[in-house]
1. Between ARG50 and residues 5 or more places away or on another chain, which pairs have amide H atoms under 5 Å apart, with H built 1.01 Å from N, and which residues are they?
2. Add -39500 (n - 2.57) for each DSSP H run of 4 or more in the chain, then divide by its residues: what number comes out at 222 nm, to the nearest 500 deg cm²/dmol?
3. Shape call for segment 96-171 from the C-alpha gyration tensor, a ≥ b ≥ c root eigenvalues: rounded (a/c under 1.5), prolate (a/b greater than b/c) or oblate?
4. Over segment 1-61, what is the mean sequence separation of C-alpha contacts under 8 Å (at least six apart), divided by residue count, expressed as relative contact order in percent?
5. Magnitude of the Cβ-charge dipole of the chain, K/R +1 and D/E -1, about the Cα centre, nearest 20 debye?
6. Among [x] -0.57, -1.30; [y] -0.51, -1.22; [z] -0.63, -1.12, which is the computed log10 I(q)/I(0) by the Debye sum over Cα atoms at q = 0.12, 0.18 Å⁻¹?
7. If you average the sequence gap of Cα pairs under 8 Å that are 6 or more apart and divide by the length of the chain, what percent do you get for the contact order?
8. So what are the ³J(HN,Hα) numbers for segment 105-116, from phi and the Karplus equation (6.51, -1.76, 1.60; θ = phi - 60°), rounded to whole Hz, Gly and Pro as x?
Amino acid sequence: MQEDIFDIVDEFDNVIGQRPRSEVHTEGLRHRAVHILVFNDENEIFMQKRSAKKDTWPGAWDGSCTGHVDTGEAYREAAYRELMEELGWQPTNELEFLFKLNPCEETGQEFIEVYRVQGSGPFRLNMDEIEVGEWMDLNNLIQRVGFTPKRFTSSFRLVLERLRALALIRV
């Protein structure tokens with residue numbers, strides 16, 4: 001199986017080259033990713049438990065859909081592709097850009113664009129990527145993250161902190 005090739009970027013998110021996924025992660029090179037948060041009409045968020053086969057954060061809870069931006073791909077384009085790949089779902093409405101995170105230890109050196117979309121599926125989970133999915137009430141989710149932070153990916157915890165700081169979620 002051929003290894004994914006990622007764009008590596010400088011501190012300003014300009015592409016400066018391409019490298020195989022394993023090298024990008026092993027060497028801690030800056031690269032790009034997306035996080036998509038799917039909310040239903042009850043304002044619950046769909047959460048995924050990452051597959052135990054994942055090379056980073058296996059078995060941890062994460063946002064609705066996450067993934068790397070492929071070489072030459074735009075962030076928004078990657079977000080729609082990842083929704084199809086991971087959730088087997090195409091939203092009927094547009095993704096709403098929320099904010100962008102800069103690379104740091106918690107993001108795995110990823111620039112991450114975070115999007116929100118309204119919808120309720122139906123989803124067809126990619127079992128190579130996701131062990132299980134679950135709708136979570138935001139109050140319960142925030143309590144769970146507070147009580148068991150290591151059960152959630154560090155990047156999701158950062159996304160949740162930013163959502164609260166920007167008052168984009170209210171609990």
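The values are calculated or read from the model by the stated rules, or taken from the named source; none is laboratory data. Computed from a predicted structure; not experimentally measured. Cβ sites come from the backbone with ideal geometry, for glycine too, and all protein chains shown count toward neighbours. With ligands, DNA and RNA removed, areas are computed over all heavy atoms of the protein, side chains included. Shrake-Rupley method; radii C 1.70, N 1.55, O 1.52, S 1.80 Å.
1. GLY59, ALA60, TRP61, ASP62, GLU131
2. Roughly -6000 deg cm²/dmol at 222 nm, from the helical runs in the chain.
3. The shape class here is rounded.
4. 21
5. 580
6. [y]
7. Value for the chain: 25 percent.
8. 4, 5, 8, x, 6, 9, 6, 10, 8, 10, 10, 10
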